Amino acid sequence: MATKNDPRLQRKYLRAPLKSVCLYVDGEHVFKARVLNISEGGILLSDLPHIPEINSLPFAIDLPQFPRLQGMTLDQLKVLNVDEFPRTILKTKGRMVRSFENQSAVDRVFINFIGCEFYNPSTEFKMAVFHYVETFARNTVYLLSLFESLGNRTEQLEMLRAVAHLLGYDRRMKIPLLRAKVLHDYQSLESL
């Protein structure tokens, strides 16, 4: 049985959640899918309207540029809006990691998630993804530190909820549930 520290359970690259969209081309048509997470090695997609027949797909990914949240004041955090962050459109090719051999077209309709591996991405592409993942990981560590230092101060709780909201969590969640979710997501950055 594999243990938590088993190297087989470690990812090659850190990944981070990414609530964004991806355009991909199959033949003469362009399709849009939701991106759930990203790493230097690939992306996890959902809500694909069409499962491509070919293995090498051109991708265009909308990547927001998160700031480092640590050190910002509550007032600075309150005016931030993820939809207003600068964005970069990254282009590369990828291939589906999941195999669809021996599956009918009907079976493919019920597939919810598809992992895609980037194929020969440029250095600029890899650096942009690395920066996004690193910043997201640092912001998650900062959020976890806010949980640890949470006292009875209203401002500290507001700051925690503001950071959580910017990272994509529901700010209305009860603190123990929110902490458990953030901790789970942080632990899954590296492990399968």
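Quick note: the coordinates plus some simple rules give every number you see, no bench work behind them. Bear in mind that the values here come from a model prediction, so they are computed numbers and not experimental data. FYI the Cβ positions are ideal-geometry reconstructions off the backbone, even for glycines, and counts take in every protein chain you see.
Residues whose amide H lies under 5 Å from that of LEU18, counting only those 5 or more places away or on a different chain, are ASN37, ILE38; hydrogens are built 1.01 Å from N in the peptide plane.
Rank by packing, highest mean first: peptides 85-96, 167-178, with packing defined as the count of other Cβ atoms within 10 Å averaged across residues.
Details: 85-96: 15.2, 167-178: 13.1.
Ranking the peptides 85-96, 167-178 by packing returns 85-96, 167-178.
Taking all Cα-Cα distances within segment 7-187, those exceeding 26 Å account for 39%. The HN-Hα couplings worked out from phi for segment 18-33 by the Karplus form 6.51 cos²θ - 1.76 cosθ + 1.60 (θ = phi - 60°) are 8, 8, 8, 10, 9, 9, 9, 10, 9, x, 8, 10, 10, 10, 10, 10 Hz, whole numbers, x standing for Gly and Pro. When the listed pairs LYS91/LYS174; LYS19/LYS126; LYS93/LYS181; LYS19/LYS93 are checked against a 30 Å cut-off, the alpha-carbon distance exceeds it for LYS91/LYS174; LYS93/LYS181. Computed from the C-beta positions of VAL141 and ARG34, the FRET efficiency with R₀ = 35 Å rounds to 0.85.
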